[in-house]
Amino acid sequence: MANPIKPDKSVTTTCAYCGVGCGFKAETHQGRIVRMMPWKEGKANHGHSCIKGRFAFDYYVSEDRIRTPMIRSSIDDPWTPVTWEKAIAHAASELRRVQSKYGNKSVGAISSSRCTNEEIFLTQKFARAVLGNNNIDNCARICHSPTQFGLSATVGWGAASQHFDSILQADVIMVVGANPTEGHPVFGSLLKRRVRQGAKLIVIDPRKTETVESPHIKAHAHLNLRPGTNVAVLDSIANVVVRERLFNEAFVKERCEWDEFQRWAEFVSSDRYSPEAIGAEAGVDPELIRKAARMYASGPNSTIYYGLGVTEHSQGSTGVMCLGNLSLACGMLGREGVGINPLRGQGNVQGGSCLGSWPHVFSGYRFVTDDDVRKTFEDDWGVTLDSEPGLRLPNMFDAAIAGHFRGMYIMGEDPVQSDPNQGHIIEAMRQMECVVVQDLFLNETAKYAHVFLPGSSSLEKDGTFTSAERRVNRVRKVVEPLAGYQDWEVLVMLMNAMGYPVKYAHAGEILDEIARLSPAYKGISFDLLDRVGSAQWPCDENAPEGTEVLHREKFPRANGRGTFMLTEYVPTAERTNDKFPLLLTTGRILTQYNVGTQTRRTANNRWHSEDVLEISEHDAKSRGINDGDRVKIASRFGSTELKAKYSTRVASGIVYTTFHHAETRINVITSDLSDWATNCPEYKVTAVEVVRVEKRDAAKRSKSVTHTETVPA
Amino acid sequence: MSQSQEHSTSTFPSRAIPIERLIVMANQIAAFFAPYPAARRAEGIRNHLRTYWDPRMRQDLIDYVAGGGNGLSPYVNDGVGLLVNGGDKKGYYGPPKA
């Protein structure tokens with residue numbers, strides 16, 4: 001092949017790695033993608049990219065891609081390749097059989113933030129209109145469900161208040177439980193640019209991340225709190241804001257519920273939240289808490305960016321409320337340079353949240369329990385809908401173990417690898433009589449499936465993604481789907497086979513239905529996106545090309561005012577003890593993406609070919625562990641093995657790893673505790689012990705790993 | 001967990017998910033609403049259960065409370081009391097309005 005290869009075609013589309021939503025020109029040569037060029041007109045990336053979006057695309061032609069539908073009657077049987085017609089008919093009749101045997105509510109559906117808005121919307125329609133129940137959930141359950149809950153409760157909408165470029169107007173940037181340099185690299189660069197220009201940076205994170213200090217920037221305050229003490233520290237910051245009267249009284253009086261502010265102010269100014277009291281509990285210097293509070297409150301423009309380090313806790317929703325309270329109290333909402341912004345892990349987590357793949361709300365965050373809302377969907381879809389919330393993802397697994405849940409349709413999600421307490425999930429999956437997995441690869445969950453439907457990657461389909469800044473970006477088909485169908489087309493076949501006739505000529509017609517049934521998406525269409533490139537919701541007659549900054553005049557609550565929640569610190573039940581004296585927390589690395597399904601199948605894997613356990617030299621040496629030794633890490637739920645690496649990024653008492661490799665099986669050890677409001681798992685805090693594995697055992701172990709690798713992953 | 005409670009939960013016939021899990025979840029919800037005045041606390045718990053819990057889970061909790069509610073925070077009992085006797089509040093069941 002000629003070098004350099006001259007592409008013969010170019011298609012503008014959106015990267016599916018992370019919630020930044022970078023625009024790319026995907027260039028092909030004779031029907032095969034040869035390079036991804038960052039798109040200069042992309043409103044999130046302005047021509048920039050990271051190592052994943054730019055280079056990690058070859059997974060789409062991986063030999064591991066499944067190209068034929070397959071079925072089997074038992075998970076112990078080998079797969080039998082069949083035609084699409086046979087696979088769809090089998091899935092349809094099996095799901096109906098399970099429903100007739102165990103009841104209407106014994107089955108459910110899961111969608112993924114790897115899917116497009118159109119596919120996520122269609123999956124909830126499938127559950128509600130075809131399966132006839134509200135057992136529909138999506139992977140945001142295990143990452144950002146507390147964002148929706150906590151932000152709705154305080155500022156009204158569970159979404160970022162700003163556009164990414166707004167950070168260039170910020171004077172103070174507070175990053176809580178996020179590491180954008182690794183997790184959201186293109187936005188991370190923008191943040192670093194603003195800090196180099198002179199903005200002050202506060203980082204609240206147990207680990208000394210790359211965002212805290214890198215060759216170009218250094219945080220002005222790093223609060224390296226103990227995992228699990230976010231709410232305590234944020235309440236303590238609020239304590240300083242109130243006691244030193246640093247809050248913005250005029251803003252609160254004009255824009256918020258004053259009575260609720262007073263109640264909150266009295267609550268957080270209690271001595272139990274003083275920096276001295278909380279500093280001791282959280283392992284943070286009290287003066288650092290004061291410094292952070294004064295810096296944030298003084299602005300003049302202060303902005304908050306946060307990630308899963310806030311949400312994935314038993315008090316995840318409370319932590320998000322703390323951030324809402326703080327930004328309202330200091331008047332840091334409603335203009336450029338301020339705001340409160342969740343950094344979303346996957347490409348379409350915001351879309352997953354917006355488009356009704358939840359057991360309690362339809363698209364647009366409107367409640368299934370609301371008769372008027374439900375009627376609009378019933379009228380559009382022509383069926384009667386369940387008026388009660390359904391089971392959440394973790395509830396489905398619990399219900400399977402209790403004997404009440406027996407079938408699932410899963411699009412693009414791998415709960416066996418990505419959900420906590422893997423032993424429990426596997427036990428639940430073994431109870432199922434019909435699991436339909438639609439995915440690119442035979443993932444871990446497919447080991448417990450009865451029907452496998454080959455999925456299409458985001459390079460093979462049409463639709464939209466909604467990024468972390470509420471920006472609806474167009475996803476365009478670059479190459480033909482490897483197995484013949486886009487994911488939404490497969491689901492349409494299944495819906496028809498189950499007796500619910502639906503027909504869409506193209507994905508844009510699903511988007512039209514979304515616009516018809518979801519007020520914030522009212523003005524969004526393929527036509528608009530083709531014309532203006534992308535648009536941030538809300539997009540309607542008042543904002544025909546979308547809205548960059550939310551809450552300029554009022555908050556989307558019944559009375560238009562922001563409000564304050566009482567956020568008592570309740571320590572997690574997951575505690576260290578003599579048997580498990582260390583706290584494990586988890587995160588990501590730049591070159592890999594999530595559970596690694598895609599990036600592990602590209603050359604990016606050479607940068608990070610295994611997950612390692614970061615441990616302080618002190619903790620390692622006291623256990624006789626040398627740098628590079630293989631270690632066993634155990635919690636009260638299970639144990640796994642990986643390589644230890646001395647690190648100055650974690651303090652003594654804390655260990656850290658990534659979760660990009662299935663072989664690490666880190667979710668064998670994560671706990672079954674979850675957020676009080678949303679059941680979002682507490683991934684970020686697990687009490688563990690780490691012991692060196694003898695070389696002899698390590699050899700035996702690596703042999704057994706080799707053995708399992710011969711099984712298709 | 002006491003002996004008697006272990007006994008009472010293990011024999012509880014769940015409609016959806018195991019009662020031990022419901023007890024943990026209900027107590028967590030109660031702990032969040034604890035700092036609120038009594039009436040709002042009970043309403044907050046009721047609204048949360050009504051909006052986010054599958055009806056089978058709610059009914060299990062109601063039955064468990066009726067059977068003595070061993071291991072549950074008293075605040076849960078107040079919220080469940082409203083579920084049973086408070087009438088069905090129309091319209092808004094969203095996140096707690098303070």
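Looking at A:Glu663, A:Glu682, which one is among the acidic types (Asp, Glu) and within 14 Å of chain B (Cβ to nearest Cβ)?
On the way: A:Glu663 fails: within 14 Å of chain B (Cβ to nearest Cβ).
Result of the check over A:Glu663, A:Glu682: A:Glu682.
Can you find even one residue in the stretch A:434-457 that is free of Cβ contacts under 8 Å to residues at least 60 places away in the same chain and farther than 20 Å from A:Asp137 by Cβ?
yes
Quick check, is A:Ser314 part of a helix (DSSP H, G or I), touching a strand residue (DSSP E or B) at 6+ places or on another chain (Cβ under 9 Å) and of a type in the set (Gly, Ala, Ser)?
Numbers: part of a helix (DSSP H, G or I): no; touching a strand residue (DSSP E or B) at 6+ places or on another chain (Cβ under 9 Å): yes; of a type in the set (Gly, Ala, Ser): yes.
Here the answer is no, as A:Ser314 does not meet what is asked.
Give the stretch A:242-277 a look and list any residue that's aromatic (Phe, Trp, Tyr) and either without any contact (Cβ under 8 Å) to a residue 60 or more places away in the chain or more than 18 Å from A:His551 (Cβ to Cβ) (or both), or say none. Spell out how you get there, then give the answer.
The initial filter retains those residues of the stretch A:242-277 that are aromatic (Phe, Trp, Tyr), namely A:247, A:251, A:258, A:261, A:264, A:267, A:273.
Scanning the stretch A:242-277 gives A:Trp258, A:Trp264, A:Phe267, A:Tyr273.
Sort through A:Lys25, A:Lys40, A:Lys6 and tell me the only one that's part of a loop (DSSP other than H, G, I, E, B), within 30 Å of A:Gly546 (Cβ to Cβ) and not polar (S, T, N, Q). Write out each step before concluding.
Working: A:Lys25 fails: part of a loop (DSSP other than H, G, I, E, B); A:Lys6 fails: within 30 Å of A:Gly546 (Cβ to Cβ).
Only one candidate passes the filter, namely A:Lys40.
From the set of residues in the stretch B:39-72 that are at the interface with chain A (Cβ under 10 Å from one of its Cβ atoms) and not in a helix (DSSP H, G or I), which is farthest from A:Ser152 (Cα to Cα)?
B:Asp54
Anything in the stretch A:365-416 that is in contact (Cβ under 8 Å) with a residue 24 or more places away in the chain, in a helix (DSSP H, G or I) and away from chain B (no Cβ under 14 Å)? List them, or say none.
A:Thr376, A:Phe377, A:Asp380, A:Trp381, A:Pro415, A:Val416
Tally time: how many residues in the stretch A:649-699 are of a type in the set (A, V, I, L, M, F, W, C), within 25 Å of the chain's Cα centre (by Cα) and assigned to a strand (DSSP E or B)?
Just the residues of the stretch A:649-699 that are of a type in the set (A, V, I, L, M, F, W, C), to begin with: A:650-651, A:654-655, A:659, A:662, A:666, A:668-669, A:673, A:676-677, A:680, A:685, A:687-688, A:690-691, A:693, A:698-699.
Among the residues that remain, those that are also within 25 Å of the chain's Cα centre (by Cα) are: A:650, A:654-655, A:659, A:662, A:666, A:668-669, A:673, A:676-677, A:680, A:685, A:687-688.
Now restrict to residues that are assigned to a strand (DSSP E or B): A:654-655, A:687-688.
The number of residues fulfilling the criteria is 4.
From the list A:Ala170, A:Ala178, A:Ala199, pick out the single residue that is buried (at least 20 other Cβ atoms within 10 Å of the Cβ) and without any contact (Cβ under 8 Å) to a residue 60 or more places away in the chain.
Numbers: A:Ala170 fails: without any contact (Cβ under 8 Å) to a residue 60 or more places away in the chain; A:Ala178 fails: without any contact (Cβ under 8 Å) to a residue 60 or more places away in the chain.
That would be A:Ala199, the only listed residue that is buried (at least 20 other Cβ atoms within 10 Å of the Cβ) and without any contact (Cβ under 8 Å) to a residue 60 or more places away in the chain.
Looking only at the stretch A:331-364, count how many residues are out of contact with any Gly (no Cβ under 7 Å at 6 or more places or on another chain), farther than 21 Å from A:Glu413 by Cβ and assigned to a loop (DSSP other than H, G, I, E, B).
7
Only one of these is in a loop (DSSP other than H, G, I, E, B), at pLDDT below 95 and more than 14 Å from chain B (Cβ to nearest Cβ): A:Gly596, A:Gly546, A:Gly624. Name it.
After ruling out the rest, the residue left standing is A:Gly596.
What number of residues in the stretch A:263-313 are more than 28 Å from A:Glu182 (Cβ to Cβ) and in contact with a Cys (Cβ under 7 Å, 6 or more places away or on another chain)?
1
The values are calculated or read from the model by the stated rules, or taken from the named source; none is laboratory data. Predicted model only: the values in this text are computed from it and were never measured. In this analysis, Cβ positions are derived from the backbone assuming ideal geometry, glycine residues included, and neighbour counts consider all displayed protein chains.
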